[in-house]
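Peer 1: Following this message is one structure expressed as structure tokens.
The values are calculated or read from the model by the stated rules, or taken from the named source; none is laboratory data. The structure displayed is predicted, hence computed values, not measured ones. No Cβ is skipped: glycine too gets one built from the backbone with ideal geometry, and neighbour counts run over all protein chains shown.
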């Protein structure tokens, strides 16, 4: 009898475990809308995906979420069951209790919830709801100093809890800035301290006062010195295959409100302004103009202070230059000094390891015979000479650039071909020098 009792007890435990397993969200099929309670999504998130409604109503807080769902009116109602992920967090037997406060969360984290209505004869699951608890990150503060010595603070709000900003100078309250309620992201706040004095040092604090009564602070120590110095322009680079030119620079001035970018085409008399940036912290520009190939362009950058009239410019940065090269057609030239062709010898040519000419030779005569191929600046060209027959010392080849300059040659010279056996050559295309680092003699012209 005792043995039968333990067997029955074990079966009850297993059935209970199975029921809990079946009620996990991943194992429950969605039933009819009448039995599937829905979270009140509009309380938490708007159509754009922002959780601002939940933050402002405080049902989503840094450490908790107030979960609310529609009441089940099914006659077979048994209880609600709530999950965070696949972890059961609550069982509610009162059908009129349609909210639950989930606590112990962490700020700036995503959590996925499910609510299940368990019925006496079947069960159903609502759509899951993913929320994000608000961030309590401090403001990102920067500043500049006007030519009058005013400290002009600006910042981006990284705290998602509603509130407003208070500004302090060396511990003393000096102003308040209300929270921006618009839709644009990364709104830039600003505050100007017109009572600061040139050459004095101040410790500023930008504090967000939140509904959580937890101030979120950023401190910035500032010496009031106005400077409008030359930016440091780094080496230019291509931003894309379309030959757009990227400029990057650094500037440690305190008084600039932005930058001007100047450009000059090789051969032109003057530099011209091609772009103005009205943000002192934007230190990059991509020139997407239709720059013409086989030309050199020169650039420099100046800082500007639009608070002065006329607009003040810093001394220019160093000038940086870049060559704009497109695809060029080069030529492989073949000759034979005896006039009977290469007679079984041949060459192959690769560009960046891609075969261009697999097997090519001067079939008969002295030549001259040309074979065109395309290259870009920086391509690696590899010419392999295959010495397969006699009289190889009669063979000669050369590669000519876009202007018919000899880039490399082997098997003699253009004027005296066939005085040595040709060699294999590998070199890198360098449009700027019109020569290449080759292992064979070179000529600058025909």
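Peer 1: Tell me, which strands (runs of 3 or more DSSP E) wholly within the stretch 306-417 include 2 or more residues that are over 30 Å from residue 232 (Cβ atoms)?
Peer 2: Details: elements: 320-324, 328-336, 346-351, 354-360, 369-375, 380-386, 395-400, 406-410.
So the answer is 328-336, 346-351, 354-360, 369-375, 380-386, 395-400, 406-410.
Peer 1: Here's a follow-up. Among the residues of the stretch 37-67, count how many are crowded, with 17+ Cβ neighbours inside 10 Å and closer than 23 Å to residue 107 by Cα. Even if it seems obvious, please write down each step before you answer.
Peer 2: Here is the first cut: in the stretch 37-67, the residues crowded, with 17+ Cβ neighbours inside 10 Å are 37, 39, 44-45, 51-52, 54-55, 59-62, 65-67.
Of the ones still in play, those that are also closer than 23 Å to residue 107 by Cα are 39, 44-45, 51-52, 54-55, 59-62, 65-67.
Residues meeting the conditions: 14.
Peer 1: So how many residues does the stretch 190-201 have that are surrounded by fewer than 18 Cβ atoms within 10 Å (Cβ to Cβ) and either in contact (Cβ under 8 Å) with a residue 40 or more places away in the chain or out of contact with any strand residue (DSSP E or B) (no Cβ under 7 Å at 6 or more places or on another chain) (or both)?
Peer 2: Counting residues in the stretch 190-201 that are surrounded by fewer than 18 Cβ atoms within 10 Å (Cβ to Cβ) and either in contact (Cβ under 8 Å) with a residue 40 or more places away in the chain or out of contact with any strand residue (DSSP E or B) (no Cβ under 7 Å at 6 or more places or on another chain) (or both) gives 7.
Peer 1: Tell me, which residue of the stretch 382-428 that is farther than 20 Å from residue 342 by Cβ and surrounded by 14 or more Cβ atoms within 10 Å (Cβ to Cβ) is modelled with the lowest pLDDT? Give the steps one after another, and end with the answer.
Peer 2: Step one: filter the stretch 382-428 for residues farther than 20 Å from residue 342 by Cβ, giving 401-405, 407, 426-428.
Narrowing further to those that are surrounded by 14 or more Cβ atoms within 10 Å (Cβ to Cβ): 401-402, 405, 407, 426-427.
Values: 401: 90, 402: 84, 405: 89, 407: 92, 426: 94, 427: 95.
Residue satisfying both the conditions and the ranking: 402.
Peer 1: If you don't mind, there's one more thing I want to ask. Sort out which residues of the stretch 74-97 are under 24 Å from residue 49 (Cα atoms) and touching a residue at least 40 places away in the same chain (Cβ under 8 Å), and write them in order of number.
Peer 2: Of the residues in the stretch 74-97, the ones under 24 Å from residue 49 (Cα atoms) are 82-86.
The answer is 83, 86.
Peer 1: Could you say which residue among 171, 175 is exposed (fewer than 12 other Cβ atoms within 10 Å of the Cβ), over 35 Å from the mean Cα position of the chain (by Cα), touching a residue at least 12 places away in the same chain (Cβ under 8 Å) and closer than 30 Å to residue 255 by Cβ?
Peer 2: Values: 175 fails: exposed (fewer than 12 other Cβ atoms within 10 Å of the Cβ).
Unique residue meeting the criteria: 171.
Peer 1: Being part of a strand (DSSP E or B) and at pLDDT 95 or above is the filter; apply it to the stretch 265-284 and report the residue that is farthest from residue 156 (Cα to Cα). Working first, answer last.
Peer 2: Narrowing the stretch 265-284 to residues part of a strand (DSSP E or B): 265, 272-277, 284.
Applying the additional criterion that residues be at pLDDT 95 or above yields 272-277, 284.
Working: 272: 34, 273: 30, 274: 29, 275: 25, 276: 23, 277: 19, 284: 20 Å.
The residue in question is 272.
Peer 1: Which one of the conditions (1) loosely packed, with under 13 Cβ neighbours inside 10 Å; (2) under 21 Å from residue 306 (Cβ atoms); (3) within 34 Å of the chain's Cα centre (by Cα) does residue 226 fail to meet, given that it meets all the rest?
Peer 2: Single failed check for residue 226: (1).
Peer 1: Quick one: residue 106 ticks every box in (1) buried (at least 16 other Cβ atoms within 10 Å of the Cβ); (2) under 33 Å from the mean Cα position of the chain (by Cα) except a single one, so which number is it?
Peer 2: Residue 106 satisfies every listed condition except (1).
Peer 1: Moving to a separate point now. Against the definition (at pLDDT below 95, in contact with a strand residue (DSSP E or B) (Cβ under 9 Å, 6 or more places away or on another chain), in a loop (DSSP other than H, G, I, E, B) and under 30 Å from residue 63 (Cα atoms)), how does residue 180 come out, yes or no?
Peer 2: Numbers: at pLDDT below 95: yes; in contact with a strand residue (DSSP E or B) (Cβ under 9 Å, 6 or more places away or on another chain): yes; in a loop (DSSP other than H, G, I, E, B): yes; under 30 Å from residue 63 (Cα atoms): yes.
Answer is yes for this residue.
Peer 1: Have a look at 108, 66 and point out the one that is closer than 13 Å to residue 132 by Cβ and modelled with pLDDT of 95 or more.
Peer 2: Details: 66 fails: closer than 13 Å to residue 132 by Cβ.
When all the criteria are applied, what remains is 108.
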